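**Student:** Before we start, here is the structure in question, set down as structure tokens.
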Amino acid sequence: MSEQNYGNPDSGAVARSGQPEGQFAIENPGLPPHRPRLTDTDPKAAKRAERQVSALFLVSIIGTIVFFLGYFATSNETIGELRVQNLFIGLGTAFAMLGIGTGIVQWARTLMPDHEMIEERHDIRTEEDRVIAEEIIEDVIEESGIKRRPLLRNTLIGALAVAPLPAIFILRDLDNSEDYGVERLRHTMWDTGVRLVRDPVGTPIKASDITIGSAVHVIPEGLNELEHGKLNEKAKAVVLVMRLNPDQLNISPGREDWHYNGIVAYSKICTHVGCPVALYEQHTHHLLCPCHQSTFDLKDECKVVFGPAGHALPQLPITVDSEGYLVAQSDFHEPVGPSYWERG
Ligand code: FES
């Protein structure tokens, strides 16, 4: 605190009773004497520290490589494989970020100049201040040693160059094109004549098995036999089947024959952000999503009556086959899943 602040009630300065203006009750102890670090006096220690910092930047580069190994070189067909892939991606990203962060901290602690200095705050609006600011930046670059230490500089550049790549590949998965976007959600395994079977056992369901008030979790027949992409297909095709009195159904034109004697089938994937809608309230005929409480009215074609979902649950048109088993009439007539996808 400068002595000019003395006498200013907001300055925090405490005057000693009976002392003249400008004298403080507590003497400024000043800074402790500067103690040089080992790396300031021993070139070998400095070289060792430089190698340590470079090793941390290399750890970051290796972390990025591990991310790409997990992303591209591991399969995610089964839950077990998916866990292994997530482990690679998570550890790779963590080490990529940690390597850069700890490397920079270690660099600052051991190699960058550590002299203490006091800077007064003031406006930096004048040309003179701008020039001074530029000189300070140049000083910092010079003092950081980045020009004199090519090993540090090169490993840091390498780590910084590859570290953002995982983010690019992860964001690529948000692509809305044919390979990654709505087209993937537009088609599921449901098709004409595909039987509705219980999830996960895969037993077919007769219409007479579905009683009023029950809710059955359903997948398409053949899903359990898939060798590749089973989880992806299941994530799109899961359906809830319930039965109401047909008189209670409020049916819009074109959907008159999408139910079978009051048995209706709706996508289980919430149209908000895709949680499984898993709770059926028999008395209100409401389906509830546990994630953010979106509520869908089964009597009214699963339109949203509460919560953040912006779109009714897609309905699967169903009927029965010659043996009385429930079958799909077709695929869904719209993409399943979150409604932020372009549906036009
Ligand atoms: S995911 Fe269903 S309400 Fe948010």
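**Student:** Which of the DSSP-defined H helices in the chain satisfy a minimum axial length of 15 Å, computed from C-alpha atoms, and a minimum mean Kyte-Doolittle hydropathy of -0.5?
**Tutor:** Membrane-span-like by this rule: 43-73, 79-110, 127-144, 150-162.
**Student:** Assuming R0 = 25 Å, can you tell me the calculated FRET efficiency for the pair Gln52 and Leu165, based on Cβ-Cβ distance, to the nearest 0.05?
**Tutor:** 0.50
**Student:** How high is the FRET efficiency from Asp139 to Lys44, r the C-beta distance, R0 25 Å, rounded to 0.05?
**Tutor:** After rounding to 0.05, the efficiency reads 0.40.
**Student:** Straight-line reach from Lys47: which lysines have Cα under 16 Å away, leaving out those fewer than 8 places along the same chain?
**Tutor:** Lys147
**Student:** What FRET efficiency do you get for Thr284 and Thr203 if R0 is 30 Å and r is their Cβ-Cβ distance, rounded to the nearest 0.05?
**Tutor:** Once rounded, the FRET efficiency stands at 0.55.
**Student:** Let me ask something additional. Specify which residue in the list Ala73, Ala161, Gly145 is farthest towards the positive end of the charge dipole of segment 38-171, using unit charges on the beta carbon of Lys, Arg (+1) and Asp, Glu (-1), about the Cα centre.
**Tutor:** Ala73
**Student:** Turning to a different aspect of this structure: In straight Cα distance, which lysines are under 25 Å from Lys236, not counting same-chain residues fewer than 8 positions off?
**Tutor:** Here the lysines satisfying the reach criterion relative to Lys236 are Lys206, Lys268, Lys299, Lys303.
**Student:** Can you tell me which aspartates and glutamates have their Cα less than 12 Å from the Cα of Lys234? Leave out same-chain residues fewer than eight positions away.
**Tutor:** Partners within reach: Glu77, Asp199, Glu221, Glu225.
**Student:** Per DSSP H run of at least 4 residues, take -39500 (n - 2.57); add these up for the chain, divide by its residues and hand me the 222 nm value, nearest 500 deg cm²/dmol.
**Tutor:** -11500 deg cm²/dmol
**Student:** Taking the mean number of other Cβ atoms within 10 Å as a proxy for protection, how do you rank 311-322, 102-113 from highest to lowest?
**Tutor:** 311-322, 102-113
**Student:** For the chain, take N as its residue count and report Rg(C-alpha) divided by 2.2 N^0.38 Å.
**Tutor:** Taking the Cα Rg and dividing by 2.2 N^0.38 Å, one obtains 1.65.
**Student:** Which of Glu119, Glu128, Glu77 ends up with the largest GNM mean-square fluctuation for the chain, with Cα atoms connected below 10 Å?
**Tutor:** Its mean-square fluctuation being the largest, the pick is Glu119.
**Student:** Given charges of +1 on the Cβ of Lys and Arg and -1 on the Cβ of Asp and Glu, with all other atoms neutral, how large is the dipole of the chain about its Cα centre, in debye to the nearest 20?
**Tutor:** Dipole size: approximately 1140 debye.
**Student:** Starting from the Cα of Leu226, step 7 Å along the direction of its Cβ; do the same at Asp257; then give the gap between the two resulting points in nm.
**Tutor:** 2.9
**Student:** Report the Cα centroid-to-centroid distance between segment 269-331 and segment 191-257 in angstrom, as an integer.
**Tutor:** 11
Just so you know, all these numbers are worked out from the coordinates, no wet-lab data involved. Because the structure is a prediction, the values reported are computed rather than measured. Methodologically, a virtual Cβ is constructed for each residue, glycine included, from the backbone with ideal geometry; neighbour enumeration extends over all protein chains shown.
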